[in-house]
Structure formats: structure tokens, C-alpha cells
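Input: a single structure, listed below in C-alpha cells.
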Amino acid sequence: MIAALLLAATTVAPAPVPGELKTFGDWAVACDNGGRCEAVSLVPADAETGFDGPLVVTREAGPDGSLWLNVEVEMTGTGPWRLIAEGRELLSTRMQEEPGGLASGAAARRVIGRGLANARTARLVDAKGIEIARFSLAGSAAAFRYMDDRQGRAGTRGALVATGPAADSRPAPALPRIRPVTAADGRVPDAATLAKLGMSGPCAVERDGDGGPGDDAVAVDADAAGRPRAVALIACGNGAYNFSSAVYLLTLHGGEWRSEPARFDLPSDLYEGLATVVNADLTNELLELAAYAKGRGLGDCGVAHNWVWDGAMFRLTNMRRMDECRGSLVWPTVWRADIEGR
């Protein structure tokens, strides 16, 4: 049974190909492998103050794909809150979320296509007209056209801005499905074993002992011969706000743990042939490995990954990125997978 599971896990789909992040003026946009697109406003590169962010436009693929317009700022004052673009009121809402959704569906399409795409700036104000936030709309029309094109909506009645007479009929792409391995209640290497592994491998030169994540391990499963296996995170360098770990698979042979680099269908980075992860967390329940690397301390740029263990490797289930360090704490999704049992 175990051998069959390991064989099935090795005959998986091709490596993930995450979507691209595109920048148009003061907007960034990405579409993932499932056709979902997200566009976010950015603080203008030459702006010192006065702009907040972001406005976020999210749209699912397919003829019935949902559409949302959200704002990622704290709602102060009292409602109704109004979104105004160059003197024209685009919407009024009494939403309670902080931050939260401004509009969805047909209402969001009207605001986006007839308002945001045809203005240079927008303001969010409270009931007294006091400005809560300001957003640049430079490049928004191009970002929305990119979404229309990527989702096959350009020239259709369902497009945001690139409208036409054709039917909005392209189906949403299917997401890959991953069968995770449930965590085993098994043995794990002790601290001395992990420390020895760290000092005997390429990460030895990076282990300065001056803060950063410690070594950690969780039991995963057994190999085809029934020997316990564990995944270990080994400290492998740190910076001001990013802490790196190498990822090993260890198998218990008699009383000795033997190690090898853990396999990934798409590693976030490699160091001397080892898959490395940044600011990582390995959970026991689903054997999910989560990691994120910030481009700067503010956290308005970087890349984040999630993987699950399938018995042979860590499989990518989600990836988000933001390449522009311009005020957005929303990182658009560029890859998704379905996890069986979730």
C-alpha cells in the first residue's frame, strides 16, 4: 500500500508554471493558472504623501465568474462612505468591514468600467466629506484590459473595459488536484541530530547562532520499507526580517537518521542544491509548509508560497507575489491547486 502511494505520488503533473505579475503605471495585475485575476493600485513612484492603497479588483474566470471591488484601508468616520473620481460619485456604501468590500457583480462592473478606467485619481470619503484615502488610477484601464484579455473576455459583453458584442463564454481552467499525506504520529530526529545535520552541510557557514529560526522537524510517513521519515527545517542564514531554512527529508535506518534534500515540484530557492524557504512554518496536521520572503520590512513586496507533502515531494498549492515595493500589502495570487479533503 505504501509503495503504491509513493509510486502514485511520483507520477504527478508537470511542474507548476505560475502566472506573471504585470505593472501598468500605478497598478499591478496578475492572473493565476485557474484564470482568477487580481489588480491592485500602487502608490505613485514619485508621491511622497497623500496616497493610500490599495484598491483591489478581483475577478474569477468563467462566464459566471464573481467580481469584487475591495479597499484595503481602515474605514474611519461614519457612513455612508463614498468613492469619488474627479468630482463624480461612483458609489456609496455602508459597509462595516475594516477594510472591506465596496461593490460586487454588476455594480462593481459599472464602477470599474465607467469610472475607475476613465479617471486619474479616486478618493474615499466619509459622510462628512472627509477624505479617508486617495488612490491613483494611472494605468488602471490597461490593467483591466489585461484582465479581459487573459480571461478571454476581450470583445465580449462580459468585459470590464474591452467590451464587444460576443458572448462571454470561455470556461474557467481546471485546477490541479493534490492528495496530501496525513501527518504520522511517528518518531522525529532529536535536537542533537538536527544540529549535527546543520553543521555538516552547506548551511554550516550560514549558522551564525545570532537569532533566526531554530531547527525543527515533524514526522511525515514511512518509506516503502516501513522506515519512519521526517521533514526537517535547518536554519540556514538570516537577515533583518527574513530567516532562511534548508529543507531535508530524513529516514530512520536502524538507530541512525539519514538525510537527503527534500524534493519540491517548484522550490522557492536553492542553496548549494538544497531547497530553501524563508520565514517558514511547517504544520503537523496537513504537513503544509508555508513561507514568505519580504522585499522590505514594510511588507509591501515579496513572494509567498504554500506546499503540501504528498508522500514524495512538497507540491505547490498557492503562490502570491508583489514585485513593486509601492505600498500594497495585497500580493496577487499567481498559482493555485485544490487539496483533496479540503
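Quick grid of which residues meet (1) farther than 18 Å from Leu289 by Cα; (2) of a type in the set (Phe, Trp, Tyr); (3) modelled with pLDDT of 85 or more:
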| site | (1), (2), (3) |
| --- | --- |
| Ile178 | no, no, yes |
| Thr193 | yes, no, yes |
| Leu197 | yes, no, yes |
| Gly212 | no, no, no |
| Asp216 | no, no, yes |
| Ala219 | no, no, yes |
| Asp223 | yes, no, yes |
| Leu233 | no, no, yes |
Residues of the range 244-271 satisfying the condition of being under 19 Å from the mean Cα position of the chain (by Cα) and surrounded by fewer than 19 Cβ atoms within 10 Å (Cβ to Cβ): Leu266, Asp269
Failed item, numbered, when Arg187 is tested on (1) open to solvent by less than 90 Å² (accessible area, probe 1.4 Å); (2) over 26 Å from Pro63 (Cα atoms): (1)
Matching residues in the range 159-172 - criterion: being of a type in the set (A, V, I, L, M), open to solvent by 40 Å² or more (accessible area, probe 1.4 Å) and under 23 Å from Ala30 (Cα atoms): Ala172
Some residue of the range 328-340 being over 16 Å from the mean Cα position of the chain (by Cα) and of a type in the set (Gly, Ala, Ser): no
The lone exception for Ala47 - which of (1) part of a loop (DSSP other than H, G, I, E, B); (2) under 23 Å from Ala304 (Cα atoms) it fails: (2)
Checking Leu233 against (1) touching a residue at least 12 places away in the same chain (Cβ under 8 Å); (2) part of a helix (DSSP H, G or I); (3) of a type outside the set (S, T, N, Q), the condition it does not meet: (2)
Every pair of residues 6+ apart whose Cβ atoms lie under 6 Å, when the first sits in the range 57-74 and is among the polar types (S, T, N, Q) while the second is assigned to a loop (DSSP other than H, G, I, E, B): Ser66/Glu60
Residue within the range 57-66 that is open to solvent by 70 Å² or more (accessible area, probe 1.4 Å), within 25 Å of Arg320 (Cα to Cα) and of a type in the set (A, V, I, L, M, F, W, C) present: no
Within the range 274-289, tally of residues that are over 26 Å from Gly186 (Cβ atoms) and either assigned to a strand (DSSP E or B) or open to solvent by 60 Å² or more (accessible area, probe 1.4 Å) (or both): 1
So Val161, is it over 25 Å from the mean Cα position of the chain (by Cα) and either within 19 Å of Pro332 (Cα to Cα) or outside any loop (DSSP other than H, G, I, E, B) (or both): no
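The values are calculated or read from the model by the stated rules, or taken from the named source; none is laboratory data. Every value quoted in this text rests on a predicted model; they were computed, and no experiment measured them. Cβ sites come from the backbone with ideal geometry, for glycine too, and all protein chains shown count toward neighbours. Protein only, heavy atoms only, side chains kept; ligands, DNA and RNA dropped before computing areas. Shrake-Rupley method; radii C 1.70, N 1.55, O 1.52, S 1.80 Å.
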